[in-house]
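Asks: Mind looking over this structure? Questions follow.
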Amino acid sequence: MSNMNNEIKKRRTFAIISHPDAGKTTLTEKFLLYGGAINQAGSVKGKATSKHAVSDWMEIEKERGISVTSSVLQFSYDGYCINILDTPGHQDFSEDTYRTLMAADSAVMVIDASKGVEAQTRKLFKVCVMRRIPIFTFINKMDREARDTFDLLDDIEKELGIATCPVNWPIGSGKAFKGVYDRAGKEVELFSDTQKGTQVGEVQKMDINNPEINWILGEEAQIKLKDEIELLDGASVEFDQELVNQGKLSPVFFGSALTNFGVETFLQHFLKMTSSPLPRMSDKGNIDPMIEPDFSAFVFKIQANMNKAHRDRIAFMRICSGEFDASMTAFHVQGGKDVRLSQPQQMMASERKMVDKAYGGDIIGIFDPGIYSIGDTLTTAKERFAYEGIPTFAPEHFARVRQVDTMKRKQFIKGISQIAQEGAIQIFQEYNTGMEEIIVGVVGVLQFDVLKYRLTHEYNVEIALENLPYAHIRWIENKDIALDKIVGTSDMRKIKDLKDRPLLLFIHEWSIRMTLERNEGLELSEFGR
Ligand code: G4P
């Protein structure tokens, strides 16, 4: 194998998804601790800032530049080169969160053992399913009182519609948490104090039939464990790598990120079960990183630094094949010309650094003089190709927007269009009029503040936003449909996007179903392609 292929084979690029507070940051931090990228847990980015109020956010973002919301961390562990893509939650939740998943080869879903599947997890999970990427589940906070283990698994299967396969099984929870049982090795891994997780823990393993287990676990816990294992072996789906690869079966692990328990075991199993960079679809068919020798990448996120010079932007791209060299030139397919990829950056643990070399699977951020759009392809291949575009995700909050000073119409349209082009917001119009009335749609409500802030500071335009009650949007998939003919519900509104694609807005979710019933053959989609 060539050196390049070796490098690519070592890569594992995944996103961590969770509902806020389930422990994503803590788990990431512990990964870094095991990877030797940090010496002591507690020093990872983003922790403190994730809890700031909305009003603080702008200032923080300015100070931090591109840091928190765009975190991609790289570190090594056991011969692997790992790229973790963070998916911001809380108020930072936006389309970027979804798009990040487009750049990952698999996802780790962190679930709070006392809560089960929560709203945000559900949303992100849908995107993983759409992409059919493998999903691994880490059930966290076992050191606290947890819900019944079988219930938790049921919850995942029912709520998310994916089969689960526990790789290990918890022994008690909260104060009675004793550790986990490794099903393949038939060993008990005992929970031990790692000084609140600041130290890398040594896992003590013991055969399930070792007589000592009895007094370590206590008789009651041991009997319960044996019963549960019996039940589990009889009832659960067997591990099947193929189903995992197709995103149909999620291997489940239990642990406690805070106390470091189960983190390394998870990492070891996960790295073997997840894949190296996967082929990606283009207009010339699948591009396989193990076959395609030339550099290729696509832009999945554009981040404008929150300062007045709005042209100071960073385009984040996922390298899909080949080798990246600092300051190399590549063909920008959508722009139709060669570009120098300048000031390439990468996040290494908690620092940002310049990159000299990167390979398929890696994520880099390059300086964007305002030429890139989300989904653009860059490549050095002679026979050019473009990667499949990134879908537009359904916004959930809508507002009518107008400029306060009517004389500033031109700046207003320019500003709002540019911000929409970056992908921070989506803009729509009434379907039968022009740009007079603009409706803005966002995935995370904070984006409204971002829009207001940026229009004021970068374009000198003050705007007024009037919230609209709509919460659901659907793209109409049927080609050649007469929009006038669609019979909707009273809470439905017809609009179009910038590409003139017709869409429907609804206040109530049940209206979508009614509209479908009333219009035979109508096809609606949650993603705009
Ligand atoms: P997030 O990124 O998913 O939002 O979650 P984060 O890691 O910030 O964790 C949220 C809270 O849950 C934190 O507590 C964290 O310490 C705690 N936590 C994470 N993993 C575990 C675990 O395995 N067990 C227990 N018991 N707690 C866990 P906090 O009080 O909000 O923050 P802090 O004051 O502890 O920093």
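Asks: Taking residue 452 as the anchor, which lysines have their alpha carbon closer than 18 Å to its alpha carbon, excluding any fewer than eight residues away along the same chain?
Replies: 62, 308, 408, 410, 414
Asks: A follow-up question, please. Can you figure out the FRET efficiency of residue 517 with residue 227, using R₀ = 41 Å and their beta-carbon distance, to the nearest 0.05?
Replies: For residue 517 and residue 227, the calculated efficiency is 0.30.
Asks: If the reach is capped at under 23 angstrom between alpha carbons, list the lysines near residue 126, excluding any in the same chain fewer than eight residues apart.
Replies: Within the straight-line cut-off, residue 126 pairs with 24, 115, 158, 248, 301.
Asks: In addition: Please give the length that would be gained between residue 509 and residue 242 if that part of the chain were fully extended, namely 0.36 nm times their separation in residues minus their C-alpha to C-alpha distance (nm, one decimal).
Replies: The span from residue 509 to residue 242 would gain 92.6 nm if fully extended.
Asks: Label-point separation (nm) for residue 490 and residue 76, each offset 7 Å from Cα along Cα-to-Cβ?
Replies: 6.7
Asks: Another question, if that's okay. What is the fewest-to-most order of 19, 457 by other Cβ atoms lying within 10 Å of their Cβ?
Replies: 457, 19
Asks: DSSP loop (so not H, G, I, E, B), at most 15 other Cβ within 10 Å: list which GluC sites (Glu not before Pro) in the range 410-511 pass both filters.
Replies: Taking the range 410-511 and a limit of 15 other Cβ atoms within 10 Å, the loop GluC sites (Glu not before Pro) found are 436, 437, 462, 477, 509.
Asks: Let me ask another. Given the options 221, 519, 209, identify the residue whose Cα lies farthest towards the positive end of the charge dipole of the chain (+1 on Cβ of Lys, Arg; -1 on Cβ of Asp, Glu).
Replies: Comparing the listed Cα positions along the dipole, 519 ranks first.
Asks: Follow-up. Please arrange 128, 320 by how many other C-beta atoms lie within 10 Å of their C-beta, fewest to most.
Replies: So the residues, fewest neighbours to most, are 128, 320.
Asks: List the lysines whose alpha-carbon lies under 21 Å from that of residue 30, not counting same-chain residues fewer than 8 positions away?
Replies: By straight Cα distance, residue 30 reaches 10, 45, 47, 51, 141, 178, 196, 205, 272.
Asks: Hey, what number do you get for the chain at 222 nm if only DSSP H runs of n ≥ 4 count, each worth -39500 (n - 2.57), divided across all residues, to the nearest 500?
Replies: -8000 deg cm²/dmol
Asks: So how tilted is helix 149-160 from the main axis of the chain? Cα-based, degrees 0 to 90, rounded to 10.
Replies: 20
Asks: Gain in length, residue 151 to residue 525, computed as 0.36 nm per residue apart minus the alpha-carbon separation, to one decimal in nm?
Replies: Additional length available on full extension: 131.5 nm.
Asks: Quickly work out the residue 402-to-residue 144 label distance, labels modelled 7 Å from Cα along the C-beta direction, and quote it in nm with one decimal.
Replies: Result: 4.7 nm between the two label points.
Asks: Size of the dipole of the chain about the Cα centre, Lys and Arg at +1 and Asp and Glu at -1 on the beta carbon, nothing else charged, in debye to 20?
Replies: The calculation lands at about 1660 debye.
Asks: For residue 287, list long-range residues whose amide hydrogen, built 1.01 Å from N in the peptide plane, is under 5 Å from its own amide hydrogen.
Replies: Correct list: 280, 281, 282.
Asks: Using Cα atoms only, what is the angle between the long axis of helix 119-131 and the major principal axis of the chain, expressed in degrees (0 to 90) to the nearest 10?
Replies: 80
Asks: What FRET efficiency would be calculated for the residue pair residue 215, residue 119, taking the C-beta separation as r and a Förster radius of 51 Å, to the nearest 0.05? Write out the running numbers ahead of the final one.
Replies: Values: r = 43 Å, r/R0 = 0.85.
Plugging the Cβ-Cβ distance into 1/(1 + (r/R0)^6) gives 0.75.
Asks: Then there's this: I'm a student and want to see the number: the projected area of the Cα convex hull of the range 76-138, averaged over all directions, in nm².
Replies: Values: hull surface 20.2 nm².
Directional mean of the projected Cα hull area for the range 76-138 stands at 5.0 nm².
Asks: Please list, ordered by chain and number, the residues whose modelled amide H lies under 5 Å from the amide H of residue 461; skip anything fewer than 5 residues away on the same chain.
Replies: 456
Asks: If you put +1 on each Lys and Arg Cβ and -1 on each Asp and Glu Cβ, how big is the dipole of the range 68-179 around its Cα centre, in Debye rounded to 20?
Replies: Result for the range 68-179 is approximately 80 debye, rounded to the nearest 20.
Asks: Using DSSP to call loops (not H, G, I, E or B), can you name the trypsin sites (Lys or Arg not before Pro) in the range 360-401 whose Cβ has at most 16 other Cβ atoms within 10 angstrom?
Replies: Working: sites: 382, 384, 400; in loops: 382, 384.
Passing sites in the range 360-401 are 382, 384.
Asks: As I understand it, the dipole of the chain uses +1 on the Cβ of Lys and Arg and -1 on the Cβ of Asp and Glu, about the Cα centre. Which of 431, 295, 488 lies farthest toward its positive end?
Replies: Going by the charge dipole, the pick is 431.
Asks: In whole Hz and in residue order, list the ³J(HN,Hα) couplings for the range 16-25 that follow from phi through the Karplus curve 6.51 cos²θ - 1.76 cosθ + 1.60, θ = phi - 60°; x for Gly and Pro.
Replies: 9, 10, 5, 7, x, 6, 6, x, 4, 5
Asks: Follow-up question, since we're still on this one. Between 88, 137, 77, whose Cα lies farthest towards the positive end of the dipole of the chain when Lys and Arg beta carbons carry +1 and Asp and Glu beta carbons carry -1, centred on the Cα centre?
Replies: The Cα lying farthest towards the positive end belongs to 88.
Asks: Could you calculate the FRET efficiency of residue 326 with residue 281 from 1/(1 + (r/R0)^6), where r is the beta carbon distance between them and R0 is 22 Å, rounded to 0.05? List each step's numbers first, then the result.
Replies: Numbers: r = 28 Å, r/R0 = 1.29.
With a Förster radius of 22 Å, E is 0.20.
Read the figures in this text as sums done on the coordinates, not as results from a lab. Small disclaimer: the values here were computed from a predicted structure and weren't measured. In this analysis, Cβ positions are derived from the backbone assuming ideal geometry, glycine residues included, and neighbour counts consider all displayed protein chains.
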